[in-house]
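First up is the structure itself, then whatever we jot down about it.
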Amino acid sequence: MDYETMNQKMFELSESEKRYLHGDSFDGWKNVPTQTLDKHTVYRIPGLDYDLSPHSKNDEIYSLIGSHNLLLKRNSRFNEVPEHVHSYIELNYVYSGNCPQTIHGKKITLTKNQVLLIDTDCPHSISYLSESDIMISLMISKEFLKDHLFGQFSKESILSRFFINAITEKTDHDHYLLFHSENDRRISLFFQEFLCECFDPSINSKDILRHLFYVIIAQLINIYENDISQGQTSDSQNYASSIIRYIEEHYKTCTQQSVSEYFHISPNYVSRVLKKYMGFTYMQLIHEKRLTVAAQLLTHSSLSVTAIANEIGYENVSFFYKKFYQKYHCTPKEYKIKKSL
C-alpha cells in the first residue's frame, strides 16, 4: 500500500461515523461496567479483548496485531468518548488535525504528529472530533511491554530506564506522557509505515509491525530525553532527570555525598528521588550502571577482568566479582565465553 492510498483510507467515513454525522450516538457504553473513582463514576473497559460493539471490527479501522496484546484502532469522529479507564497502556497519535482530550482532569489538545501515552487506570475522555481530526490509538498490554519492549531499551542507559519506569507500576510517576513530536520527521514516517503494514499486511507482517513498534518507541525515548533537556516535562521529572544525567556521566567516581553537594540537597534526598523515579537506591543504581558497562566491555573489548573492574570504578576486584555474579548469575569469564559463542 502506498502513502496516498493509506491516506485516503484514513479519512474514509466508517458506517458508525456516518450515523454519528446524522445525529445518532453510540449506545454501547450502556454495556460497559462502571466504577467510582475520586467520588465520581467512570467507565471501566475490562481488557483488550473486550468489544464495545459486536460490529466494531467490521465497522472501524481496527487491526489485530498478533494477539490481544497489541491492537490498533482509528478513533471515531463526530462522537465524544466519556471518561473511562482500562488496564492497558494507550498510545495516541494524531495523524491529522487536533484532538482535545481530558487526562486525569487536565485538558490537553494534541496537534498533528504529537503522541500521548496514557497509563493504566488513568481516567480520560476524548472530545468531539471533526472530519479532519484523525487520531489512532495503539492499545498495549503490560504483558506485551514486559515480554517485547523492556528488554529492548532498559539496558542501554539510565535515562532510557527512566522512560521505561515512567510507564510501569514499579515507581511513582505521572499518569501520562506528552511527546512534543509535532516536528519530528521520524515519528511521521514510522507511523505511516506502520499504518500501511496494518491495512495491507505483507507475508512477514507480524515481525515488521513488531519492529516498527520498537523503532517508534526508540524515537519516543529520544524525544522524551529532548523534552527533559528543554524543560518540557514536569518539574519533578526534570529534577530527577538532572540527577540521573549527572550519575550517567560520573558513575565511575561519584559518591552519594558528591551528588548531594553538586545539587545542594541531602544525601538521603538523593536516594529518595532515585527510589521514587527509578525504583533503585543510589548504590543500587550505581552498581546497575557499572555492571551494565562491564558486560558491554566483556563482550566488545579485550580488556582483562581486573582492568574492566578498575575502568568502571571498582577498586576491589573481589567485590566486582560478587556484584557481577549477583546480576548475571555467572562469573565475568563465563559471561565473556557465553557471549562469544
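Considered as a group, the residues in region 16-28 that are modelled with pLDDT of 85 or more and surrounded by 11 or more Cβ atoms within 10 Å (Cβ to Cβ) include one that is farthest from GLN192 (Cα to Cα), and that residue is ASP24.
One residue stands out in region 96-117 among those that are assigned to a strand (DSSP E or B), in contact (Cβ under 8 Å) with a residue 40 or more places away in the chain and in contact with a Ser or Thr (Cβ under 9 Å, 6 or more places away or on another chain): the one that is nearest to VAL42 (Cα to Cα), namely ILE103. When each of SER234, SER202, SER229, SER188 is tested for being over 15 Å from the mean Cα position of the chain (by Cα), loosely packed, with under 15 Cβ neighbours inside 10 Å and modelled with pLDDT of 75 or more, the lone residue that passes is SER202. Filtering region 87-102 to residues that are more than 19 Å from LEU212 (Cβ to Cβ) and surrounded by fewer than 22 Cβ atoms within 10 Å (Cβ to Cβ) leaves SER87, SER96, GLY97, ASN98, PRO100, GLN101, THR102. If we scan region 250-257, do we find a residue that is within 18 Å of the chain's Cα centre (by Cα) and modelled with pLDDT of 80 or more? There is no residue in region 250-257 that is within 18 Å of the chain's Cα centre (by Cα) and modelled with pLDDT of 80 or more. Taking the condition in the same structural domain as VAL115 (by TED's automatic domain parsing), assigned to a helix (DSSP H, G or I) and modelled with pLDDT of 90 or more, does LEU220 pass? Here the answer is no, as LEU220 does not meet what is asked. Among residues of region 3-29 that are more than 17 Å from VAL81 (Cβ to Cβ) and in contact (Cβ under 8 Å) with a residue 24 or more places away in the chain, those with a beta-carbon under 9 Å from a residue that is among the polar types (S, T, N, Q) and part of a loop (DSSP other than H, G, I, E, B) at least six positions away or on a different chain give the pairs PHE11/SER132.
Just so you know, in region 297-326 the residues that are among the β-branched types (Val, Ile, Thr) and farther than 21 Å from HIS250 by Cβ include one that is surrounded by the most Cβ atoms within 10 Å (Cβ to Cβ), and it is VAL305. Of all residues in region 238-278, those being surrounded by fewer than 16 Cβ atoms within 10 Å (Cβ to Cβ) and assigned to a loop (DSSP other than H, G, I, E, B) number 6. Would you pick out the residues in region 192-208 that are outside any helix (DSSP H, G or I) and closer than 15 Å to LEU72 by Cα? Answer for region 192-208, where residues must be outside any helix (DSSP H, G or I) and closer than 15 Å to LEU72 by Cα: ASP200, PRO201.
Do we find a residue being modelled with pLDDT under 90, part of a strand (DSSP E or B) and buried (at least 20 other Cβ atoms within 10 Å of the Cβ) anywhere in region 120-136? Checked against the condition, which is being modelled with pLDDT under 90, part of a strand (DSSP E or B) and buried (at least 20 other Cβ atoms within 10 Å of the Cβ), region 120-136 yields no hits at all.
The values are calculated or read from the model by the stated rules, or taken from the named source; none is laboratory data. It should be emphasised that the depicted structure is a prediction, and the values quoted were computed from it without experimental measurement. Quick reminder, even Gly has a Cβ in these numbers, built from the backbone with ideal geometry, and neighbours come from all protein chains shown.
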